[in-house]
1. Out of the stretch A:118-137, which residues are more than 14 Å from chain B (Cβ to nearest Cβ), touching a helix residue (DSSP H, G or I) at 6+ places or on another chain (Cβ under 7 Å) and open to solvent by 10 Å² or more (accessible area, probe 1.4 Å)?
2. Just give me the residues in the stretch B:169-191 being facing chain A (nearest Cβ under 8 Å) and open to solvent by less than 10 Å² (accessible area, probe 1.4 Å), in sequence order.
3. Going by the structure shown, is B:E165 without any contact (Cβ under 8 Å) to a residue 60 or more places away in the chain, over 19 Å from A:E217 (Cβ atoms) and not β-branched (V, I, T)?
4. Look at A:V281 and say whether it is β-branched (V, I, T) and surrounded by fewer than 24 Cβ atoms within 10 Å (Cβ to Cβ).
5. Please go through the stretch D:196-220 and give me each residue that is within 24 Å of A:T242 (Cβ to Cβ) and part of a helix (DSSP H, G or I), ordered by number.
6. Name, by its number, the condition in (1) within 13 Å of chain A (Cβ to nearest Cβ); (2) in contact (Cβ under 8 Å) with a residue 60 or more places away in the chain that does not hold for B:L280.
7. Looking only at the stretch C:196-210, filter to residues that are crowded, with 23+ Cβ neighbours inside 10 Å and either facing another protein chain (nearest Cβ under 8 Å) or of a type in the set (K, R) (or both); which one of those is farthest from C:I99 (Cα to Cα)?
8. Conditions first: (1) facing chain A (nearest Cβ under 9 Å); (2) open to solvent by less than 10 Å² (accessible area, probe 1.4 Å); (3) of a type in the set (G, A, S); (4) outside any helix (DSSP H, G or I). D:S288 passes all but one, so which condition is the exception?
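The values are calculated or read from the model by the stated rules, or taken from the named source; none is laboratory data. Remember, predicted model here, so these are calculated numbers, not experimental data. Every residue, glycine among them, receives a Cβ derived from its backbone with ideal geometry; neighbour counts consider all protein chains shown. The accessibility values were calculated without ligands, DNA or RNA, using every heavy atom of the protein model including side chains. Shrake-Rupley method; radii C 1.70, N 1.55, O 1.52, S 1.80 Å.
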Number of protein chains: 4
Amino acid sequence: MIVVMSMGHEPEQRDAVVGRIRELGLREREIIGVERTVIAVLGQVYPELRDEFATMEGVDDVVRISKPYKLASRETHPEDTVVDLPYGVRVGGGKTVLIAGPCSIESEEQLFEAARAVRRSGAHILRGGAFKPRTSPYAFRGLGLEGLRLLAAAGAELSMPVITELLSERDVESVAEYSDVLQIGARNSQNFSLLDEVGRVGKPVMLKRGLAGTIEEWLLAAEYILSHGNSQLILCERGIRTFEVATRNTLDLNAVAMVKRLSHLPVLADPSHGTGKWYLVQPMALASLAAGADGVMVEVHPSPDHALSDGAQSLTPDNFDVLMQRARAVAEAVGRPLHALPAAASR
Amino acid sequence: MIVVMSMGHEPEQRDAVVGRIRELGLREREIIGVERTVIAVLGQVYPELRDEFATMEGVDDVVRISKPYKLASRETHPEDTVVDLPYGVRVGGGKTVLIAGPCSIESEEQLFEAARAVRRSGAHILRGGAFKPRTSPYAFRGLGLEGLRLLAAAGAELSMPVITELLSERDVESVAEYSDVLQIGARNSQNFSLLDEVGRVGKPVMLKRGLAGTIEEWLLAAEYILSHGNSQLILCERGIRTFEVATRNTLDLNAVAMVKRLSHLPVLADPSHGTGKWYLVQPMALASLAAGADGVMVEVHPSPDHALSDGAQSLTPDNFDVLMQRARAVAEAVGRPLHALPAAASR
Amino acid sequence: MIVVMSMGHEPEQRDAVVGRIRELGLREREIIGVERTVIAVLGQVYPELRDEFATMEGVDDVVRISKPYKLASRETHPEDTVVDLPYGVRVGGGKTVLIAGPCSIESEEQLFEAARAVRRSGAHILRGGAFKPRTSPYAFRGLGLEGLRLLAAAGAELSMPVITELLSERDVESVAEYSDVLQIGARNSQNFSLLDEVGRVGKPVMLKRGLAGTIEEWLLAAEYILSHGNSQLILCERGIRTFEVATRNTLDLNAVAMVKRLSHLPVLADPSHGTGKWYLVQPMALASLAAGADGVMVEVHPSPDHALSDGAQSLTPDNFDVLMQRARAVAEAVGRPLHALPAAASR
Amino acid sequence: MIVVMSMGHEPEQRDAVVGRIRELGLREREIIGVERTVIAVLGQVYPELRDEFATMEGVDDVVRISKPYKLASRETHPEDTVVDLPYGVRVGGGKTVLIAGPCSIESEEQLFEAARAVRRSGAHILRGGAFKPRTSPYAFRGLGLEGLRLLAAAGAELSMPVITELLSERDVESVAEYSDVLQIGARNSQNFSLLDEVGRVGKPVMLKRGLAGTIEEWLLAAEYILSHGNSQLILCERGIRTFEVATRNTLDLNAVAMVKRLSHLPVLADPSHGTGKWYLVQPMALASLAAGADGVMVEVHPSPDHALSDGAQSLTPDNFDVLMQRARAVAEAVGRPLHALPAAASR
């Protein structure tokens, strides 16, 4: 941590900063530059310290040097993390996976139709929402437990690992019972109670980035989960909020490439939420793979124009089939070929 | 809802849209303009419909006309809502209130020192954090239940209503037991499980705007709470996330003025979080009042340079005292004078 | 400048950094912390150096310490700058000024009607657009030279200094001939050729902040003008672009308060562009003054519903008259009363 | 255009809107819905009309239906535009082009070294900056005319078309004399005087998107150029400004895919400016191609750690060579293979 003194600060102000550093059991190193004096703080600093110094008189700024996340950092854990799922599916480690399925589980028929279609086209993991975060309280909010059961049944029948989002600490146990991966959505990316809870449950987790979440905050949210000893963690970029209104969100593929460098965790991208437009899903899925993503998650619905949620960004099974073919070509071009199909063998 | 057809759409595509409208039990009205044909959808539409039409062929765009929130809207509820708190304090209704106190409750001594100081200077409501949302899992996360008890004790001793944030559905009951107002923070502004829960509890709630929350989303989050029959709701603008890095957030006072027009709910502003710099708190508190806020909430700490959280944005008691004097002048200049001091009478 | 080395960097990488520092005629100071080694660079550094070190192997980050603007900084120029205009009007220095007039000059009648109204209500400076930056090439782009002549005539008749925007280096001379203040709009806030040009012309300039301009970039744009020896410079916050769509822009009053601290230049705010809604102009004008602005600029049109540009954000003369009364009260409440009316004496 | 009336508006307010529509020579069509009454405006509307109606009493909102750009729209011009350059290079039309070269032209030696390297690796077009837009007035601002001459000489010697940015209307003629493509940078994307000027000059233009430019504004800026009869126009996405600070900008590949759908113009991407980090350039260049870009532009410098500008985002010739090989594979995977090398034949 570097304390930058104001130009023209008083000697007593500098002394107060040094005094406070020593009071905290830390050491200081003062550097007198041409324009500025800075005081480096040595020892085991903690984030709050920044604020403490920032309010002292004669201090112009305080600059943090060390990264605030440790367990998520590639510096402290250089080798890639691979997340193991049922049916031999592994996320990370040089192969590309496709997660597909409906936004919401609406009925057994709708789910199984979507599931069979995506399995046939080559998807590895089945998604489906049972608890839906909806901006309006008047919108369809999911089938709940009934949806979880359908999802588990579809996964078992088709030999696919399944993933679903949870919204409440109260549902952690039941979601962990039925789903192979617990998804934390963008709106809960800083719901620290929920992060603590899924960190404790010991099942694979997929953590989406928040709508206004910086890369650093995203990795700190990951740190919450990792710090409970749960290392089976997948990250997922799903678009951030910017001034652009022609698309629902701005899929930030810079972040995918950057996080692959900063962290050892596998990173996926969700071009369905990242664009909000079904006709942008294919190009942005391919772009995600080219940017270095370990896979993509896309929404597929048997009849998007009758979907109870996110129809505008859902692919038809036919469009998904085309996407799979092109994804195969791009994945090979960038040296991360598609993962083998899930094995039908029992878990 | 208006369905905008593409230029050069096929007649069958138009027929399919009309067919779908009638299938839904709605009626259509077609308008053929110079460049475009649009089809107005008449009847009880719902938000999902937008997506349904957006995926149909030949459709270029779908424009929503009605506002998605009802209970929060001034159109359906023209008169101002006033939230009644203990000790005769009322939020909204033409008077200005000041909420003040430490970011985190750190100890009995620290809390009471801050509380006495802000009471003496004229604050109406005491704030103090017992459960702290922290970006890093390694930061101080609050005293929890012990903090709640201290806060309630301070409020009782000083005859001030108290407010504190809650992070978890599991804490709703205990927070409701000790605090007069339940605060939903920015990071939980779309934690719909928590919104449902505080909607049911029947105590006054203060709902902050999300870091990337639009005004519409904020009012829809309010709608979640109102739809459970809890109408004792206060809104609080606390800064949004933008590209500017010189300040912690960008306090959006446009939103304060706009929401006062769109909604009947009282609106406060939090210049401490909205700026992140103690030296900007006073000017932005005054600006908030001039923009039409029904009050402001500010962080005050006996010694900000030793605070366990948010020291950089906390005022000293002396600075808060100066702020109160200036707030009085501005509040009178805009015709919403300071509320009377809390009455020492029992609840 | 502080070079932060990666954890686990090689000794030769550290040596290369030190070597490069010395090759540049600078000195280094190495600090070995618990987690990181950082190398402080001492001497006359320049901004490009940051990039140079950032590309060297073993370097994790480079942190700039000194502020990149000098002439605009309050650290190097503590006392407030006051800009002197004709008719005894001064911007800055503790008094509040109001600039008002139509967005575009549309005709002699329209301009004079607006000008007389705002003069009558107590405005100090007359605004009017002769060259209009329009997002679409098909929109009304202003009367040009004819507009300049009308503006100068209105200013002379009513004894008010006038201000108008210029868009092209080619118009600098003619605008300088007719207008007392040259306005650089948000879209040209990084048009460096134009900044250079108005820096050379030696007349007062008002520089708006860019739609995506950080406070630092805004002060660096000011530095362009100041570095040509033109110190008669006014800054104007006019709203930044964020994700919020309910308002045209987000008026960033944090920036007003912050720039008053960082710089000695007078700062105004433009709530007309900053909100885009006429009904938000009054509350946000008052908020601007409370935040510390030295004045506000608002658009006034005799009949906004027939305006050729920006009608939606223009006040009627009657609404402006109300605004002036309330502005007087708020300006006094914050200790920066309204400036005296322009003196009718000749220039 | 659709005028949305407020709930509970007065009949006279509705009559005033209808009266104004007819006064303008337009026709109305009134639609009375369950909640709202809307009035569709039929005839040749213009953008200003929106503001006019928005200020009328009883009006809640005004919704635009038609797209404000015409010449840039694929609806009015379905077939792809291809821009023809010297040496047989064509931008658009199903082949992928690579533009490469140094950020700034620093010397004959530096430029030719970079140029030979990128030519050898397979780049199609040579870039080099002679006029540099710099945030700070104290930074290196380019060699000017001398730089232009060097660039033209390098292009001629290596048989490559060249591209360079211009900042000032005064330089249009000289840049047009030496450069095959005139680049308008992000900071001038709404410098309408300059857009008009390059529209008139009749040479190919590359228009970058602004830092805060929406897709619609970008296409309207294109419309400025196209409306002067210059149809040889290339668009280039170069990153937008968001809250994320880990990267210099956020490269918005959604926008690339979207503009390919909305417009017939070729679209490139600039991952150097779009990321600001040399190590992100390769993945994001590949992602750009996968998203549908007709090519990419990257900065290459013989020794980035000694560059006078943008060193941190410049590739070494070796890194560029690797990028070319991977770009070839991805370009083929998405069916838009690399363009043939420029022909050595004379222009």
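1. Going through the stretch A:118-137, the residues more than 14 Å from chain B (Cβ to nearest Cβ) turn out to be A:118-128.
Going one step further and asking which of them are touching a helix residue (DSSP H, G or I) at 6+ places or on another chain (Cβ under 7 Å), we end up with A:118-119, A:121-122, A:126, A:128.
Those that are more than 14 Å from chain B (Cβ to nearest Cβ), touching a helix residue (DSSP H, G or I) at 6+ places or on another chain (Cβ under 7 Å) and open to solvent by 10 Å² or more (accessible area, probe 1.4 Å): A:R119, A:S121.
2. Of the stretch B:169-191, the ones facing chain A (nearest Cβ under 8 Å) are B:169-170, B:187-188, B:190-191.
Within the stretch B:169-191, B:N188, B:N191 qualify.
3. Numbers: without any contact (Cβ under 8 Å) to a residue 60 or more places away in the chain: yes; over 19 Å from A:E217 (Cβ atoms): no; not β-branched (V, I, T): yes.
Considered against the rule, which asks whether it is without any contact (Cβ under 8 Å) to a residue 60 or more places away in the chain, over 19 Å from A:E217 (Cβ atoms) and not β-branched (V, I, T), B:E165 comes out as no.
4. On the way: β-branched (V, I, T): yes; surrounded by fewer than 24 Cβ atoms within 10 Å (Cβ to Cβ): no.
No.
5. Just the residues of the stretch D:196-220 that are within 24 Å of A:T242 (Cβ to Cβ), to begin with: D:206-220.
D:I215, D:E216, D:E217, D:W218, D:L219, D:L220 - these are the residues of the stretch D:196-220 that are within 24 Å of A:T242 (Cβ to Cβ) and part of a helix (DSSP H, G or I).
6. Answer for B:L280: the failing condition is (2).
7. C:G210
8. In the conditions (1) facing chain A (nearest Cβ under 9 Å); (2) open to solvent by less than 10 Å² (accessible area, probe 1.4 Å); (3) of a type in the set (G, A, S); (4) outside any helix (DSSP H, G or I), D:S288 misses (4) alone.
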